[in-house]
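Peer 1: Got a structure for you, written out below as structure tokens; questions coming shortly.
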Amino acid sequence: MTETAFVALTTFFATVGPPDVAALFAALTHDNTAAERRVMALKGSLIGAGILLFFALFGEVVLDNFGISLPALRTAGGILLLLIAIDMVFARPSGGTTTTREENKEAEGKKDLSVFPLATPLIAGPGAIGAAVLLVADADSDPVKTSIVIGAMLAIVLLTFLLMLVATQVQRLLGVTGLHVLSRVIGVLLAALAVQFIFDGVANSGLLS
């Protein structure tokens, strides 16, 4: 159970990226009042959590309807997480966990950022959605493991919300170098986990038998 919790927390921390979300939120809302930032942070976190919860609970059903097997999901999810991990290790912006340049430009002209880009793709981005589906599917319908994964997911969203409330202080405390060091350490752990997902997916696919 401890291993499940550690893997889930590490994966969601890497794919959501709470410090990165907080830093970008601070940059995009510098003209807003403190009250407006609190409302946007809360609304964005709730919507993002709702999106992730939907895919965690019903993602496997959606995949079944498209004829996608669990080994295929593990392999594809592992490849996606590996790409995100590589970008994290080299401190490069990734479309899987952050907004693209075009999305940033569009967001700058919006007054309410809670749905876009905050809820998605910053909190509930492709990487986090893929991780939610993959980790819940990996729990093999064990209610305790599934609860741990969902609990870890919601804990990371809560952490993201809290960091957004003190986004300016976090930026000042960690700085660019601090954020990059944290990103690289988590990226290495995520890369190893991603490779393990790929190994498991290929091994369970029957391709090597």
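The values are calculated or read from the model by the stated rules, or taken from the named source; none is laboratory data. Note that the structure is predicted; figures quoted are calculated from it, not measured. Positions of Cβ are backbone-derived with ideal geometry, glycine not excepted, and every protein chain shown enters the neighbour counts. In case anyone asks, the SASA skips ligands and DNA or RNA and just uses the protein heavy atoms, side chains included. Shrake-Rupley method; radii C 1.70, N 1.55, O 1.52, S 1.80 Å.
Peer 1: Looking at Val144, Val157, which is the one that is in contact (Cβ under 8 Å) with a residue 60 or more places away in the chain, in a helix (DSSP H, G or I) and open to solvent by less than 50 Å² (accessible area, probe 1.4 Å)?
Peer 2: Val157
Peer 1: Also: Could you tell me which numbered condition Ile129 fails, if it satisfies all but one of (1) among the aliphatic types (A, V, I, L, M); (2) under 30 Å from Thr29 (Cα atoms); (3) exposed (fewer than 15 other Cβ atoms within 10 Å of the Cβ)?
Peer 2: The number of the failed condition is (3).
Peer 1: What are the residue pairs meeting all of these: first residue in the range 74-89, first residue within 12 Å of Leu193 (Cα to Cα), second residue of a type in the set (Asp, Glu), Cβ atoms under 7 Å, and 6 or more apart or on different chains?
Peer 2: Arg74/Asp200
Peer 1: Out of curiosity, is Arg74 surrounded by 21 or more Cβ atoms within 10 Å (Cβ to Cβ) and in a helix (DSSP H, G or I)? Reasoning before the result, please.
Peer 2: Values: surrounded by 21 or more Cβ atoms within 10 Å (Cβ to Cβ): yes; in a helix (DSSP H, G or I): yes.
In short, yes.
Peer 1: Go through the residues of the range 6-19 one by one and say whether even a single one is assigned to a helix (DSSP H, G or I), farther than 19 Å from Ala194 by Cβ and open to solvent by less than 40 Å² (accessible area, probe 1.4 Å).
Peer 2: yes
Peer 1: Ile68 fails exactly one of the following numbered conditions: (1) β-branched (Val, Ile, Thr); (2) under 18 Å from the mean Cα position of the chain (by Cα); (3) open to solvent by 60 Å² or more (accessible area, probe 1.4 Å). What is the number of that condition?
Peer 2: Against the list (1) β-branched (Val, Ile, Thr); (2) under 18 Å from the mean Cα position of the chain (by Cα); (3) open to solvent by 60 Å² or more (accessible area, probe 1.4 Å), Ile68 comes up short only on (2).
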